[in-house]
Amino acid sequence: MYETSQYLTFTLGEEVFALDIGTVREVLELTAITRIPRTPEFMRGVINLRGRAVPVLELRRKFGMEPTTDTVNTCIIIVEAELEGEAAVIGTLVDSVREVIEIPSDAIEPAPRMGTAVRQDFIKGMGHRNDGFVIILDGNRIFSVEELAATGAAIGNVPLTGDGGMPAAALAGGEGAPA
């Protein structure tokens, strides 16, 4: 008997990707993102999510794809990833969110060794969907502890803009972080 899992699908350019729905907290419309100096190019900045600074990374840049202009369809997927045994909340900027789909385990193949725009270690598998494939990402591998630590260190005391004005140091757990 095969197990069926649910995935949130989204697009980056013409490619369709998916994240396990169990890692997705919510999907947001594009909102004000405070850019942070001295962070990796793919780190767009941080957003104020109900009083908490959440880093937002641009998956296009993370995957080495050409950047594009944000549109009305651009969304931020808030995911929870496990980094060194602890949960981390991270925003991922995508071109558009499509739908939640079910893919049976027998319809998922291992990641190909070549032919995708994404590093193989970021891919959990390739799901068969209609006449094509959905690239199923491994959320725990896309985000690295080192990258998020560098982001937190660079933030320092840069104030957030937007609703709430919470200090961005909250991302790093510094002064101004919620108790």
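The values are calculated or read from the model by the stated rules, or taken from the named source; none is laboratory data. This one's a predicted model, so the numbers in the text were calculated from it and none came from an experiment. Here the Cβ positions follow ideal geometry from the backbone for every residue, glycine too, while neighbour counts run over all protein chains shown.
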If Tyr2 passes every condition in (1) out of contact with any strand residue (DSSP E or B) (no Cβ under 8 Å at 6 or more places or on another chain); (2) modelled with pLDDT under 95; (3) surrounded by fewer than 21 Cβ atoms within 10 Å (Cβ to Cβ) but one, which one does it miss? (1)
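Looking only at the stretch 89-120, which residues are acidic (Asp, Glu) and either under 19 Å from Leu59 (Cα atoms) or modelled with pLDDT under 85 (or both)? Even if it seems obvious, please write down each step before you answer.
Going through the stretch 89-120, the residues acidic (Asp, Glu) turn out to be 95, 99, 102, 106, 109.
Matches in the stretch 89-120: Asp95, Glu99.
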Given (1) touching a residue at least 40 places away in the same chain (Cβ under 8 Å); (2) touching a helix residue (DSSP H, G or I) at 6+ places or on another chain (Cβ under 8 Å); (3) among the charged types (D, E, K, R), index of the condition Glu41 fails: (1)
